[in-house]
Amino acid sequence: MSFEDEWVINEECLLREAGSLGELFEQIQGLFSPLLIPGRVWEGLVERAGELPPTLAAFPLWLGFPLDERQVGAELCVSLLGGTRSAAFFQNGGRAEDADLSTSSIAFLLGETGLEESPLRRVVGDRVLLEYHIDPAKPQGPQDPGILLYPIRPTLAGDHADGRLQDLGVALDAMTSAVGWEPDAAERRQVERAYLALKPDTRIGCIGAFPSRGRALRLIMLGFVKACDVMEFLVRAGWLGRRSAIASVLARLEERGAFARMQLGVRFDVSAAGLGSTLELQVFSANTIYDHTGWFKDKGCWTELIEGLREERLAVPEKLPELAKWSSGAKTLFGRSGPFLLLQRIHHFAIVLTGDGVEQVNAHVFLLMSRWPSRGNRSG
């Protein structure tokens, strides 16, 4: 059976299971430690996800939450793949006469990536990601998500081959058009400078926008191996923040072995004025990127990083053992339509940095719900 057939069956099962993604979250809340995601945050998550179709759980989604004690909240990031029921939910919403800008923007991008001959699809594939923020201290109300495109490797690689800047322009034009922004030559120059600051083996991993937060383009640069690689990139890209405090924190973590067998990414927002003052260092397990045995066999690869966060006092000690339980695994759930597998793993860590040092440390966990595989289809 093809992956496409599995997607269709999984979506149909989840539609029978719940009326919304929020209802599914209600069913699995007991599997999460309240130390990581407190009850009031779960309530906000359920409320926000109550607006979304349950079929989103058939594809990779991420939950992010702080490991320090300075802030409480969560992020929900969901995948929309072309040709799925989840994508159709937003495309149909975008066609409605009363469609808001956010839904229309998402529908526009899905329409472009859904065309096989589309230049945008050649650059970013047929996937659009949405990022929602849950803050229990603020009224929920309607919220526009961040809208993110993930370029196909190695479309926007740092080798600066002919046509790369043109491909970058395709993605930038699509994103700005989708959210209703006029072209801005200064903004384009800043994005191009950041891209041209990349070296081979690094790449643009994400291009996005958060329309409700004002004009800025979000970029994630991936493929760095050492902390010094990140710092040198920031110099070339023209980041004007105080680098010494960031370099000191990263050097200490690196000395503790926290980045061993890891790949690093850096996330920032770009405007016509340049790179934003806040950065996010993303830490991925190289084992889960390159291990052909699968993403769910990464037990132990996070040990040094978790210990480094503990020793640097960047995380609440009691949260870390609970997080370690997420290193890999699958749980069996028994729902209305039969047994499901809840696949889980740590996806990455995110260290939010300013010129004053570490502002916040977050963990992001991966979730996927799948019907129990049939006897003849258990390869995944």
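The values are calculated or read from the model by the stated rules, or taken from the named source; none is laboratory data. Since we're looking at a predicted model, the values are computed, not measured. No Cβ is skipped: glycine too gets one built from the backbone with ideal geometry, and neighbour counts run over all protein chains shown. Surface accessibility is based on the protein's heavy atoms, side chains included, excluding ligands, DNA and RNA. Shrake-Rupley method; radii C 1.70, N 1.55, O 1.52, S 1.80 Å.
Given the options A245, A197, A273, name the one that is surrounded by fewer than 21 Cβ atoms within 10 Å (Cβ to Cβ), small (G, A, S), more than 21 Å from V365 (Cβ to Cβ) and at pLDDT 95 or above. Let's see the steps before the verdict.
Details: A245 fails: at pLDDT 95 or above; A273 fails: at pLDDT 95 or above.
So the residue among A245, A197, A273 that is surrounded by fewer than 21 Cβ atoms within 10 Å (Cβ to Cβ), small (G, A, S), more than 21 Å from V365 (Cβ to Cβ) and at pLDDT 95 or above is A197.
Can we say L61 is open to solvent by less than 30 Å² (accessible area, probe 1.4 Å), aliphatic (A, V, I, L, M), closer than 27 Å to L149 by Cα and in contact (Cβ under 8 Å) with a residue 40 or more places away in the chain? Steps first, answer last, please.
Numbers: open to solvent by less than 30 Å² (accessible area, probe 1.4 Å): yes; aliphatic (A, V, I, L, M): yes; closer than 27 Å to L149 by Cα: yes; in contact (Cβ under 8 Å) with a residue 40 or more places away in the chain: yes.
So L61 passes the test.
What about A99, is it open to solvent by less than 10 Å² (accessible area, probe 1.4 Å), of a type outside the set (S, T, N, Q), in contact with a helix residue (DSSP H, G or I) (Cβ under 8 Å, 6 or more places away or on another chain) and within 22 Å of D144 (Cβ to Cβ)?
Numbers: open to solvent by less than 10 Å² (accessible area, probe 1.4 Å): no; of a type outside the set (S, T, N, Q): yes; in contact with a helix residue (DSSP H, G or I) (Cβ under 8 Å, 6 or more places away or on another chain): yes; within 22 Å of D144 (Cβ to Cβ): yes.
No.
Determine whether the range 147-161 contains at least one residue that is closer than 29 Å to A74 by Cβ, part of a helix (DSSP H, G or I) and of a type in the set (S, T, Y).
no
Could you check the range 162-182 and list, in sequence order, the residues that are open to solvent by 60 Å² or more (accessible area, probe 1.4 Å) and among the hydroxyl-bearing types (S, T, Y)?
S177
Being more than 17 Å from the chain's Cα centre (by Cα), open to solvent by 40 Å² or more (accessible area, probe 1.4 Å) and not polar (S, T, N, Q): is that true of P54 here?
Details: more than 17 Å from the chain's Cα centre (by Cα): yes; open to solvent by 40 Å² or more (accessible area, probe 1.4 Å): no; not polar (S, T, N, Q): yes.
It is false that P54 is more than 17 Å from the chain's Cα centre (by Cα), open to solvent by 40 Å² or more (accessible area, probe 1.4 Å) and not polar (S, T, N, Q).
Identify all residues within the range 215-242 that are assigned to a helix (DSSP H, G or I) and open to solvent by less than 20 Å² (accessible area, probe 1.4 Å); write none if there are none. I'd like the intermediate steps shown before the answer.
Looking only at the range 215-242, we keep the residues that are assigned to a helix (DSSP H, G or I), and these are 227-237.
Listed by number, the residues that qualify are A227, V230, F233, L234, A237.
When you go through (1) over 20 Å from A107 (Cα atoms); (2) open to solvent by 60 Å² or more (accessible area, probe 1.4 Å) one by one for S212, which number turns out not to apply?
With (1) over 20 Å from A107 (Cα atoms); (2) open to solvent by 60 Å² or more (accessible area, probe 1.4 Å) applied to S212, the lone miss is (1).
Here's a check for you: in the range 11-34, which residue that is touching a residue at least 60 places away in the same chain (Cβ under 8 Å) and under 22 Å from the mean Cα position of the chain (by Cα) is farthest from W62 (Cα to Cα)?
Step by step, filter the range 11-34, then rank; the result is E11.
Mind listing whichever residues of the range 248-270 are open to solvent by 20 Å² or more (accessible area, probe 1.4 Å) and either in a helix (DSSP H, G or I) or touching a residue at least 60 places away in the same chain (Cβ under 8 Å) (or both)?
S248, A251, R252, E254, E255, R267
If you go through the range 31-65, how many residues are of a type in the set (F, W, Y) and closer than 14 Å to A363 by Cα? Quick ask: steps written out before the conclusion?
Narrowing the range 31-65 to residues of a type in the set (F, W, Y): 32, 42, 59, 62, 65.
With the extra rule that they be closer than 14 Å to A363 by Cα, the set shrinks to 32, 62, 65.
Here the count works out to 3.
Would you point out which residue out of R127, R122 is at pLDDT 90 or above, open to solvent by 20 Å² or more (accessible area, probe 1.4 Å) and touching a strand residue (DSSP E or B) at 6+ places or on another chain (Cβ under 9 Å)? Spell out the reasoning first.
On the way: R122 fails: touching a strand residue (DSSP E or B) at 6+ places or on another chain (Cβ under 9 Å).
Going through R127, R122 in turn, just one is at pLDDT 90 or above, open to solvent by 20 Å² or more (accessible area, probe 1.4 Å) and touching a strand residue (DSSP E or B) at 6+ places or on another chain (Cβ under 9 Å): R127.
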